[in-house]
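Novice: My questions will all concern the structure given below.
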Amino acid sequence: MLALALWSLVAPRVALAQPGAQPSDDDDAEPSDGPEAQAVLPIHIDDLIDVAVRLSPDLARARNDRTVAGHTAAGEHRSQAWIFAANVQYSRDATADHVEAPPYSVVADDKLSGTIGLSRNLPTGGSLQFQLGVQHSTSEYNITDTLQQQLAQSQSQTGGSQMPDEFMDQNVASLSVQLKQPLARGFGPDVALAGQKKAELASTESTIKAQLAAEQLVRDLVTGYWELAYAAYEVDVRQQSLELAKKQDDLTHEQMRAGSVPTSALHAVEYQIATRSAALLASQLVVEKQSLELRRQAGLELGQRAIVMKPSEPFEIGEEEFDVDDVLARSRVANRQIATIEIEKKIAEVDANVARDQRKPQVDLSFSGALIGQGEDTGGSLSGLAGGDNFQVSVGLSVSFELSGAARRQHMAAEIKKHRLDIDRADAERQIETAVVTAVHQVTAARARVALSDKAIEMAEENVRAERSNFLVNRSTNFQVMQRQDELIQARLDRGRAIADYHEAVAELQFLSGLILQQYRVNVRPASRG
C-alpha cells in the first residue's frame, strides 16, 4: 500500500464502527454528546511509520539541517583551493606644462602592466604564490629647443650624428614565487584545517541528529500505536462488560417473573449498567483522543474526525527476548545520543587545539624569488626570463609575542568545555543504562503479567459462571454476580495493559540500542555523492 493511499484511498471505504450507525449528510445536524467517530480505519504500524517519515515536520527540518551542513562542509574546502588571479593596470605621472623642469629630466612617465598568478593556502598553515608579470613603460624627457641646438652644434663639431630621444620605452618581464610559512603559531594541519575539520564533523553530527530525530519519531509512533491499541481493546472489554450486565438484567427479570427474587434485585444490575455505560463512553472518547494524537504525530490531516484509526496488528505479546548486557554493549556503540555527544567532543578538541596554538609566539618565515627579463619589446623581455639575466632573492624572519593572558584564558575555556562533554557522556551512559535495565525488566515482567492475567481470566470466568448458577438457585445476589463480573473485567484490562507495556518497552529497547530504524526499515542517511 502506498503511504499516501493509506489515508486518501482507504479512509472513504472503511466499515462503520457501530452496528447500524450511518454517517450523517446533514451539515446542520446537532452535535452529539458522545464520540463523533462513526467509522474505523484499520491501520498497520509499518504504513503509519511510512507516512510519518514522509510528512513529519521534525524530520523535514532535520533533513534540511543535514543538507545545509553538507554544503557548508564542502564549501570549507575552498580555503585550500588554488586561486587564479589576473590584473591589468595603467598609470601616468607627469609634470604640468607651465612648470619649469630641468633640462633632460623626466616630465612624464606612462606605465602599462599586467600580471597573472596562481596561489593557495597550504595545509601546513603557510601560503604559496606564483606570478608572471609584464610591464611596458614610456618615459618623456624635457629636451628644450636650446638644448637640442647645443647638442646638434656639439655633435657637428665632433662628427656625431645621434640626437637624444625625447621618449624612451622599456619592457620588463618577471616570474616570481613567494612562500610564507609560520614556524610556531598557526603551524600544521591541526590549526590550518581546523575550520574544515569542524565543518565535516558538523555535517556528520547533522546526519546523526537526523537519524536520532527519526528514531525518536518512530519510538513515539510505536508507543502511541500500542496505546491506541490498548484503548481500542478497552472499548471492546467495556462493551463486553456492558453486555454481561444486560444479560444479567434479562436473567433477573426472568427470575422476578418466576417470583424467585424481589424487585430490589434489579438495583445492583441497573447501577452497573449505568456505570459501565459511562465507562464505555469514556473509553470511546480516549480512543478518539489517541487516534487524533497519533494522526498528528504522523502528519495526517485532522479534519475527518468521524473516522477513527484502529490498529490492525495482533494485540498479543511477541517472541523477542532481551539480555541486559547485550543491549548495554550495543547501546554504548550504536546509541545516537552518545554518538552526538562524541561528535561534539571532537569539535571541542579542534577548538582546544586552536586555542592551545594561540598561546605560541608568532614566528613567520618568508621567502621570495624572481627572474627578471628586459627587452626592446614584450617578446624580448619574456625571452630574457629564460636566460636568467637578472634575478632577485629575499628571505625574512619575523617574531612577535602576545603580552596579555587572553590566549591562555581562551585555552582554559576550551579545555573546560571539552571536559564538560566528558561529564555529559558519562551522565548519558548512566541514564541509558538505567533505561535499558528498566525496559528489559518491563519486557520480562509484562510477559509474566500476561501469563498471570490469562490464569486470572480463566478463574474469573469460572467464578462468574458459578456465581450466576448460585443466583439461579437463590444462593447468591446480583451484587455478588456484579462483583465477579468486575473481577473478570479487571483481569482482561490487566492483560491488555501488560501487552501494551510489553510492546512499548520493546520499542524503548530498540531505540536505546540503535535498532529501531532497522526494525522498521527507515533510512534517513544522506544519498551518496557522485
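Novice: Tell me the label-point distance for the pair Arg332, Tyr271, using the 7 Å Cα-to-Cβ offset, in nm and rounded to one decimal.
Specialist: Here the modelled spin labels are 5.9 nm apart.
Novice: Could you order Glu319, Glu504, Glu429 by accessible surface area, starting with the largest, using a probe radius of 1.4 Å? Working shown, then result.
Specialist: Working: Glu319 155, Glu504 35, Glu429 60 Å².
Sorted descending by solvent-accessible area, the residues read Glu319, Glu429, Glu504.
Novice: Right, here's the next one. Let's test the formula: R0 of 51 Å, r as the Cβ-Cβ distance of Asp46 and Thr263. What FRET efficiency results, to the nearest 0.05? Show your work: numbers first, answer last.
Specialist: Details: r = 56 Å, r/R0 = 1.10.
So the FRET efficiency works out to roughly 0.35.
Novice: Assuming R0 = 30 Å, what is the FRET efficiency of Ser312 and Arg465, from their Cβ-Cβ distance, to the nearest 0.05?
Specialist: Step by step, r from the Cβ atoms, then E = 0.40.
Novice: Further question: What's the carbon and sulfur percent of the chain's accessible surface, probe 1.4 angstrom, rounded to a whole number?
Specialist: Working: 15990 of 30420 Å².
Taking all protein chains in place, the chain shows 53 percent carbon and sulfur surface.
Novice: Based solely on its DSSP helices, what 222 nm [θ] is calculated for the chain when runs of n ≥ 4 H residues each add -39,500 (n - 2.57) and the sum is averaged over all residues, nearest 500 deg cm²/dmol? Display every interim value, and only then the final one.
Specialist: Working: 13 runs with 300 residues, N = 530.
Taking each H run of at least 4 residues, the total per residue is -20000 deg cm²/dmol.
Novice: Another question about this same structure. Dipole of the chain (Lys/Arg Cβ +1, Asp/Glu Cβ -1, origin at the Cα centre): which of Val286, Leu472, Val524 lies farthest to the positive side?
Specialist: It is Leu472.
Novice: Sticking with this one: Against the empirical 2.2 N^0.38 Å scaling, what ratio does the C-alpha Rg of the chain come to?
Specialist: Details: Rg = 44.2 Å, N = 530, 2.2 N^0.38 = 23.9 Å.
Cα Rg divided by the expected 2.2 N^0.38 Å: 1.85.
Novice: Based on the Kirkwood radius over alpha-carbon pairs, what is the Stokes-Einstein translational diffusion coefficient of segment 295-365 at 20 °C with 1.002 mPa s viscosity, in µm²/s?
Specialist: Values: Rh = 18.7 Å.
Result for D is 114 µm²/s.
Novice: Hey, another quick one. Could you name the lysines in cross-link range of Lys289, using Cα to Cα under 23 Å and dropping any fewer than eight places away on the same chain?
Specialist: Lys310
Novice: How high is the relative contact order of the chain, in percent, counting Cα pairs under 8 Å that sit 6 or more residues apart? Write out the running numbers ahead of the final one.
Specialist: Numbers: 788 pairs, mean separation 103.0, N = 530.
Reported relative contact order: 19 percent.
Novice: Hey, what's the per residue convex hull volume over the C-alpha atoms of segment 383-487, in cubic angstrom? Before the final figure, lay out the partial values.
Specialist: Numbers: hull volume 33.5 nm³, N = 105.
Hull volume over Cα atoms, normalised by residue count, gives 319 Å³.
Novice: Beyond 23 Å, what percent of the Cα pairs of segment 343-424 remain? Provide the component values of the computation, followed by the final result.
Specialist: Numbers: 1867 of 3321 pairs.
Taking all Cα-Cα pairs of segment 343-424, the fraction more than 23 Å apart is 56 percent.
Novice: Calculate how steeply helix 378-387 sits against the longest principal axis of the alpha-carbon atoms of the chain, using the helix alpha-carbon long axis, and give the answer as 0 to 90 degrees to the nearest 10.
Specialist: Between the helix axis and the principal axis of the chain, the angle is about 90 degrees.
Novice: Using a cut-off of under 13 Å, list every residue of segment 331-375 whose amide N is near the label point 7 Å from the Cα of Val399 along the Cα-to-beta-carbon line.
Specialist: Correct set: 361-365.
Novice: Okay, moving on. Filter the cross-link list Lys197/Lys417; Lys180/Lys418; Lys247/Lys455; Lys180/Lys345; Lys209/Lys360; Lys180/Lys417 down to pairs whose alpha-carbon distance in this structure exceeds 29 Å. Walk me through the numbers before you get to the answer.
Specialist: Values: Lys197/Lys417 18 Å; Lys180/Lys418 32 Å; Lys247/Lys455 24 Å; Lys180/Lys345 32 Å; Lys209/Lys360 36 Å; Lys180/Lys417 33 Å.
Those over the limit are Lys180/Lys418; Lys180/Lys345; Lys209/Lys360; Lys180/Lys417.
Novice: Taking a probe of 1.4 Å, how large is the accessible area per residue of the chain, in Å²?
Specialist: Working: 30420 Å² over 530 residues.
Result: 57 Å² per residue.
Novice: Write down the percent of antiparallel bridges among all DSSP beta bridges whose residues are both part of the chain, to the nearest 5.
Specialist: Values: 65 of 70 bridges.
About 95 percent, rounded to the nearest 5.
The values are calculated or read from the model by the stated rules, or taken from the named source; none is laboratory data. Nothing here was measured: the structure is a model prediction, and the numbers come from that model. Positions of Cβ are backbone-derived with ideal geometry, glycine not excepted, and every protein chain shown enters the neighbour counts. For the accessible areas, the whole protein counts, side chains as well, though only heavy atoms, and no ligand, DNA or RNA atoms are used. Shrake-Rupley method; radii C 1.70, N 1.55, O 1.52, S 1.80 Å.
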